[in-house]
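Input: a single structure, listed below in structure tokens.
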Amino acid sequence: MRKPLLLTLLLLLIALFFIFDLGDWFTLESLKQQQTQIAALRAEFPWLMASGFFVLYVLMAALSLPGAAIMTLAAGAFFGVWQGLLLVSFASSIGATLAFLVSRFLLRDQVQLRFGDRLKAINKGVSQDGAFYLFTLRLVPVFPFFIINLLMGLTALPARTFYWVSQLGMLPGTLVYVNAGTQLAAINSLSGILSPALLASFALLGLFPLLARAGLRLVQRRRVYSGYNKPRHFDRNLIVIGAGAAGLVSSYIAAAVKAKVTLIEADKMGGDCLNTGCVPSKALIRSAKLAQQMRHAEQFGLTSTQPAFSFKQVMSRVQAIIRKIEPHDSVERYTRLGVEVLQGYGKLVDPWTVEITSATGTVQRLTARSIIIAAGASAAVPPIPGLDDVDYLTSDTLWDTMADRDTPPRRLLVMGGGPIGCELAQTFARLGSEVILLQRNAHLMPKEDPEVGDWVKSALTADGVRVLTGHSPLRVEQGPHGPRVIATHQDREVILECDDLLLALGRKARLQGYGLEALGIPTDRTVTTNDYLETLYPNIYAAGDVAGPYQFTHTAAHMAWYASVNALFGHLKRFAVDYSVVPWCTFVDPEVARVGLSEQEAKAQDIAYEVTRFALDELDRAITDGADQGFIKVLTVPGKDRILGVTIVGEHAGDLLAEYVLAMKHGLGLNKILGTIHVYPTLAEANKYVAGEWKRAHAPERVLNWLGRYHQWRLGKE
Ligand SMILES: Cc1cc2nc3c(=O)[nH]c(=O)nc-3n(C[C@H](O)[C@H](O)[C@H](O)COP(=O)(O)OP(=O)(O)OC[C@H]3O[C@@H](n4cnc5c(N)ncnc54)[C@H](O)[C@@H]3O)c2cc1C
């Protein structure tokens, strides 16, 4: 109720101003005519006139009324340069801040709601650089004063910053106008005050902060590089350290644009994804799924059977699949593409030099204008007491350690209920292991909505996994047959025995041993970069798991584009990495896929949303396939056809998600999905049905009622 009241009051005041033609008082002619009378009054009541003038100025500025320039001239004419400057400087800044606050109070929520995450980048820019840009705008008095006030109110700039930056930035312009006011009689037009020469000097003044910033960047660069001798010539345009997804894509792009590029890999080409991550895990998941389908074959009208298999064979299939994909990432392929591949350990020696030590111990040094760090991540091993005294596995070691085993672990304890832990727990349970999944959080996959975690918990439980959520590992001991984990749950100690312990407690960026420390490149949990993926040294970039914030193969490849293009062409144009639409999928069964906001994220960020759902048990193809578990949940802006986020739980959720990723990336709404033909019977039809649900919920009831009457009338009955 307060908003409408304030709005009415403001509109009333503005209307009165125009109804009574008060604007006529704030013209150059009127000011000149009244100059002697006002000067006399001012001589008689100096304080009253000064405070009256101040209040009037604040009001005019707060209501965004025209006349600020005339008032500023008047200040010079009646109060002289210094008193006039003092009055106007404070009155205009206070008035501007009031206008800013009014705009924020009345409009900001609606604007943020309407344009939601499209404003994210602007908000981020304002929080980083808002004061700087406001200062630049204020310095140049040709930008309309009231528009700056109102627009800035819509951003996240703090009011205090707005006030002091405005006061400081407007000072030179105010001085020029107040000073001109002292010569009021000689002024014939407002535009005359700002002569072309004066305008040019203001424009230069406005450019000054930009130039100063560029200069500062140059100085900072020089300081960063001081103490190093920049080579006069370089051996390579680009050196890439690490041949995982990020490194491969970076070097591929560089070679494609004919740059001289060297890719250095210390271990296996293809990195984590090919050798110990996505590929082996998905290959094992497939075998496990078949085993599960055999066990439940009666659901498809066949005879259920207990799958008999050699685990060694299953694991050798995993290796065979790696070998099948290996050529895509091989030295030979990349050499053919124009990349020089060196097998060895790369170490930064200075900002342009990398030392490469091969497996045989030979050392060579290469210089490059730019370097991309794509060193990836390794399994995190938290300091749990006793862990060092037992044998444990991680996703890095699991594949080699288990390659020669005839049977899967009898009792496996998986520590960590994130995506990797859930995928592997379900897989081993399906392969016949007795699996305990230990999770500290109250839900599995806590980055997803709790209902998704619960869904995964029941899927895993149905497959025989003993899911222990809300259990914190306390210590690890050696038991009679393998590690023993002692955890706490609701203040009680729980003792868990297993034959094999698998840690799935996250992935830790590789930050040590290759020169980051010596060069003083800042790191936190990952290598610190700016939006252009530049590290402290603007010619050294980082991409993929080593830089975060996401740890996926597709985000590594996405970042690689930005890193390599900025590394090779950044001196001409730099591109800020775009994380606005990032999808991912966890390959448990049923799969869990997401893009954009989840409900818990929308709540945490105070973003208004509507939910539309479609249950897969209503989808023909899901029913025929015996895959009718799961749902699609779409978050949209209330009353608007704009997708904020999508979560899918179901068979092939990762593939189904692609339609929404495309829609969100290109600003398409659910109406467009509804208007697109989907093949019958496919799982993809679910996307159309959820769009239909949304449409039904937004049906124009009044129009439909009229249509009903129209049809009734067309029946020709009374
Ligand atoms: C079990 C598991 C399953 C996963 N499943 C999926 C999935 O389904 N989908 C998905 O998108 N992601 C998945 N991931 C994540 C994915 O594997 C990673 O996000 C991706 O591999 C990151 O690529 P990267 O290039 O940043 O790093 P990496 O692939 O780790 O590559 C880094 C490379 O750099 C090399 N290196 C490091 N330091 C040096 C040095 N000094 N000199 C030379 N070489 C060096 C390393 O040897 C390594 O080969 C999974 C991960 C795991 C562990």
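Residue count for region 168-180, restricted to those that are within 34 Å of the chain's Cα centre (by Cα) and open to solvent by 30 Å² or more (accessible area, probe 1.4 Å): 1. Collect the residues in region 344-393 that are within 16 Å of the ligand (Cβ to nearest atom) and of a type in the set (Lys, Arg), keeping them in residue-number order. Listed by number, the residues that qualify are Lys347, Arg365.
The residue list Thr461, Thr469 contains one member that is crowded, with 17+ Cβ neighbours inside 10 Å and either over 30 Å from Ile373 (Cα atoms) or away from the ligand (no atom under 16 Å from the Cβ) (or both), which is Thr469. I'd like the full set of residues that are under 19 Å from His558 (Cα atoms) and either touching a strand residue (DSSP E or B) at 6+ places or on another chain (Cβ under 8 Å) or not in a loop (DSSP other than H, G, I, E, B) (or both), limited to region 522-531. Within region 522-531, Thr526, Val527, Thr529 meet the criteria.
How many of the residues in region 452-471 are part of a loop (DSSP other than H, G, I, E, B) and in contact (Cβ under 8 Å) with a residue 60 or more places away in the chain? Walk me through how you get there before you give the answer.
In the first step, residues of region 452-471 are kept if they are part of a loop (DSSP other than H, G, I, E, B); the result is 463-465, 469-471.
Checking which are in contact (Cβ under 8 Å) with a residue 60 or more places away in the chain leaves us with 463.
Summing the residues that are part of a loop (DSSP other than H, G, I, E, B) and in contact (Cβ under 8 Å) with a residue 60 or more places away in the chain in region 452-471 gives 1.
Within region 523-542, residues that are under 23 Å from Arg507 (Cβ atoms) have Cβ atoms under 9 Å from residues that are surrounded by 24 or more Cβ atoms within 10 Å (Cβ to Cβ) and charged (D, E, K, R) in these pairs: Thr526/Asp545, counting only partners at least 6 apart in sequence or on another chain.
Scanning region 598-616 for residues that are assigned to a helix (DSSP H, G or I) and touching an Asp or Glu at 6+ places or on another chain (Cβ under 9 Å) yields Glu599, Gln600, Glu601, Leu616. Among the residues of region 304-341, those identified as open to solvent by 30 Å² or more (accessible area, probe 1.4 Å), in contact (Cβ under 8 Å) with a residue 24 or more places away in the chain and among the aliphatic types (A, V, I, L, M) are Ile321, Ile325, Val331, Leu337. Listed by position, the helices (runs of 4 or more DSSP H) contained in region 7-124 that have at least 3 residues being at pLDDT 85 or above are 28-44, 46-62, 68-103. You will find that of Phe145, Phe132, the residue that is closer than 18 Å to Phe90 by Cβ and modelled with pLDDT of 80 or more is Phe145 and no other. Ala622 meets all of the listed conditions (1) hydrophobic (A, V, I, L, M, F, W, C); (2) in a loop (DSSP other than H, G, I, E, B); (3) in contact (Cβ under 8 Å) with a residue 40 or more places away in the chain but one, namely (2). Go through region 265-283 residue by residue and tally those that are more than 7 Å from the ligand (Cβ to nearest atom), farther than 22 Å from Tyr514 by Cα and either without any contact (Cβ under 8 Å) to a residue 24 or more places away in the chain or of a type in the set (A, V, I, L, M, F, W, C) (or both). Number of matching residues: 3.
Flag not set for Val240, criterion: open to solvent by 10 Å² or more (accessible area, probe 1.4 Å) and touching a residue at least 60 places away in the same chain (Cβ under 8 Å). Only one of the numbered conditions (1) more than 16 Å from the ligand (Cβ to nearest atom); (2) surrounded by 13 or more Cβ atoms within 10 Å (Cβ to Cβ) is not met by Ala214, and that is (2). Would region 434-451 turn up any residue that is part of a helix (DSSP H, G or I) and not aromatic (Phe, Trp, Tyr)? Yes - at least one qualifying residue is present in region 434-451.
Applying the set (1) open to solvent by 10 Å² or more (accessible area, probe 1.4 Å); (2) under 29 Å from Ala425 (Cα atoms); (3) among the aliphatic types (A, V, I, L, M) to Leu572 leaves exactly one unmet item: (2).
The values are calculated or read from the model by the stated rules, or taken from the named source; none is laboratory data. Everything quoted here is computed from the prediction, not taken from an experiment. Cβ coordinates were reconstructed from backbone atoms using ideal geometry, including for glycine residues, and neighbour counts include every protein chain displayed. Keep in mind that these areas ignore ligands, DNA and RNA; they rest on the heavy atoms of the full protein, side chains included. Shrake-Rupley method; radii C 1.70, N 1.55, O 1.52, S 1.80 Å.
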